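Every number here is computed from the coordinates shown, using simple stated rules; none is lab data. This structure is a prediction, so every number in the text was calculated from the model and none was measured. Counting neighbours? That spans all protein chains shown, and the Cβs are built from the backbone with ideal geometry, glycine included.
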Amino acid sequence: MDYKVADLSLAEFGRKEIRLAEHEMPGLMAVRREYADAQPLRGAKIMGSLHMTIQTAVLIETLVALGADVRWVSCNIFSTQDHAAAAVVVGPEGTVDEPKGVPVFAWKGETLEEYWWCTDQALAWPDGTPPNMILDDGGDATLLVHKGAEYEKVGSVPEFGADDPEEWGVILDTLRTTIAARPGRWTETAAAIKGVTEETTTGVHRLYEMAKNGTLAFPAINVNDSVTKSKFDNKYGCRHSVIDGLNRATDVLIGGKVALVAGYGDVGKGCADALRGQGARVIVTEIDPICALQAAMDGYQVTTLDEVVEIVDIFVTTTGNFNIITADHMARMKHQAIVSNIGHFDNEIDMAGLMRTPGIVRNNIKPQVDEWVYPDGHSVLVLAEGRLMNLGCATGHPSFVMSNSFTNQVIAQIELFTKTEEYPVGVYVLPKHLDEKVARLHLGALGVKLTELTKEQAAYIGVDIEGPYKPDHYRY
Ligand code: NAI
């Protein structure tokens with residue numbers, strides 16, 4: 001079996017944590033039981049690009065339990081938990097000397113070159129055949145396939161959007177090398193893929209863009225906008241893991257400090273709530289009047305970054321947008337202000353601009369924590385080099401909330417793989433009855449007792465006793 005992880009001897013530790021996580025992931029385990037006989041993913045060759053954590057290990061082993069052949073990478077250079085990666089490679093039945101699990105190409109602290117090499121490896125089965133499904137988080141695997149096919153068609157690809165030019169150079173090199181090794185490979189891959197299921201807001205944004213400009217090559221299910229994903233993982237997950245990231249990176253007392261949350265979408269709501277829960281005075285920035293009004297009515301001061309940049313102790317960007325915190329902002333910050341991002345890509349913070357600041361010195365405190373010292377002696381602390389701090393500095397979201405997200409992922413994979421003809425090229429969300437099913441699978445573990453509608457009540461509000469209980473336009 002081909003794979004590349006940091007240290008296979010960590011597998012035993014990983015396996016112990018996977019065992020504990022399985023108990024905390026009732027949705028995934030229920031899906032394993034439900035489909036054990038039917039094996040709906042038999043024949044599926046799933047390439048996964050999603051943070052290689054313990055929770056993801058339970059997702060991978062669920063896909064395998066349903067019959068899939070899987071290869072995996074992380075979707076961020078810092079987010080791999082090396083013991084999880086090792087345990088997945090070894091597998092429940094294997095040993096360190098004889099691994100029998102799933103090929104994983106991921107370790108904590110990859111370079112950008114290594115990151116794209118890993119993505120390429122996971123997209124190529126050893127027999128030379130392509131995958132027929134992608135499970136993506138942030139859209140990098142989908143991007144490589146699309147850009148590769150485009151390159152093969154027209155001999156070049158334009159740089160895309162606001163993304164990092166350095167990274168774009170690495171992607172181009174990856175494409176050139178892979179196309180030289182096997183011309184036509186990406187066109188073949190794009191044609192072989194039945195569909196992609198996308199985990200996060202940023203990846204979903206890319207998919208709708210491609211669908212709009214007619215370049216999307218295969219159907220996609222937007223897992224992010226299942227209610228049981230974005231209204232849970234993005235919000236309650238970040239409510240947990242933003243504090244975990246800050247604590248493990250800096251261990252500063254949050255109570256009494258001034259924290260600024262940029263963006264009051266699902267992630268911002270969770271982060272602001274958590275920081276307030278720790279006793280911070282939280283300030284929110286927004287561009288959307290609806291979200292700004294929500295933040296104000298939730299009791300937060302809403303203002304611009306420029307107004308308050310000098311008084312804030314802890315910055316967290318959650319926008320999925322770029323250039324939120326500029327180098328100029330950072331130069332104006334308090335001594336040892338903490339600068340962090342929990343949005344998908346690192347370009348929310350202008351790291352390139354910070355590095356170009358005349359006379360600035362980088363003082364690495366420990367992995368994923370850097371003090372940037374200005375010539376006048378004051379400094380800012382940047383977490384995870386501006387990449388998502390909850391996965392870079394801590395271990396991401398806990399199992400229970402990820403069970404909701406990943407149960408959606410498994411159901412979406414089954415939908416696209418088994419009902420391909422029902423999904424012409426486009427972007428879809430899962431039907432509401434499946435969203436409600438995911439929630440239902442998690443109630444028992446929390447001791448929730450659901451009230452059942454009477455026949456008369458169901459008729460009165462115009463729904464079936466079995467659901468769905470809300471119209472599609474309902475916003476929760
Ligand atoms: P969202 O769209 O619900 O929220 C983003 C908010 O930022 C919006 O309300 C938008 O109006 C606001 N915004 C945009 N530009 C802004 C600016 N210049 N200044 C202030 N506010 C601005 O998206 P969601 O679901 O909250 O996700 C945000 C990011 O977090 C995405 O990149 C997503 O992929 C990522 N994410 C990260 C997770 C993690 O574990 N680190 C988990 C889930 C999502």
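Figures for the structure shown
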quantity: Alpha carbon Rg of the stretch 208-273, scaled by the compact-globule rule 2.2 N^0.38 Å; calculated: 1.53
quantity: Scattering curve values for the stretch 180-300, log₁₀ I(q)/I(0), Debye with Cα scatterers, q = 0.10, 0.13, 0.17 Å⁻¹; calculated: -0.46, -0.67, -0.90
quantity: Per-pair calculated FRET efficiency, R0 = 51 Å: Lys153 and Asn247 via Cβ, rounded to 0.05; calculated: 0.55
quantity: Taking all pairs of distinct alpha-carbon atoms in the stretch 159-235, Kirkwood radius in angstrom; calculated: 14.6 Å
quantity: Positive-end extreme of charge dipole, the stretch 4-193 - chosen from Ala65, Met133, His83 (charges on Cβ); calculated: Ala65
quantity: Helical contribution to [θ] at 222 nm, DSSP H n ≥ 4, -39,500 (n - 2.57), averaged over the chain, rounded to 500; calculated: -12000 deg cm²/dmol
quantity: Per-pair calculated FRET efficiency, R0 = 35 Å: Lys366 and Asp173 via Cβ, rounded to 0.05; calculated: 0.70
quantity: Ranked packing of 194-204, 12-22, 105-115, most packed first, by mean Cβ within 10 Å; calculated: 194-204, 105-115, 12-22
quantity: Å³ per residue enclosed by the Cα convex hull of the chain; calculated: 159 Å³
quantity: For Ile283, distant residues with modelled amide H under 5 Å away; calculated: Ala259, Leu260, Val261
quantity: Kirkwood estimate for the stretch 411-476, i.e. one over the average of 1/r between Cα atoms, Å; calculated: 14.2 Å
quantity: Whole-percent pair-distance distribution, where bins are 10 Å wide, for the alpha carbons of the stretch 1-105; calculated: 17, 50, 31, 2
quantity: Value of Rg/Rh across the stretch 4-193 [Cα atoms, Kirkwood radius]; calculated: 0.99
quantity: Sequence-distant residues sharing a close amide H with Lys4 (under 5 Å, placed H); calculated: Val104, Phe105, Ala106
quantity: Spherically averaged projected area in nm², based on the convex hull that wraps the Cα atoms of the stretch 122-210; calculated: 5.7 nm²
quantity: Difference of contour (0.36 nm per residue) and Cα-Cα distance, His473 to Glu209; calculated: 92.9 nm
quantity: Sites Glu12 and Ile465, calculated FRET efficiency, Cβ-Cβ separation with R0 45 Å, nearest 0.05; calculated: 0.40
quantity: Where the Cα pairs of the stretch 235-393 fall when distances are cut into 10 Å bins, in %; calculated: 12, 46, 35, 7, 0
quantity: Label point 7 Å beyond Cα of Ala192 along Cβ direction - residues of the stretch 409-423 with amide nitrogen under 20 Å; calculated: 413-414, 416-421
quantity: Cut-off under 5 Å, modelled amide H: who pairs with Ser49 long-range; calculated: Val73, Leu135, Asp136, Asp137
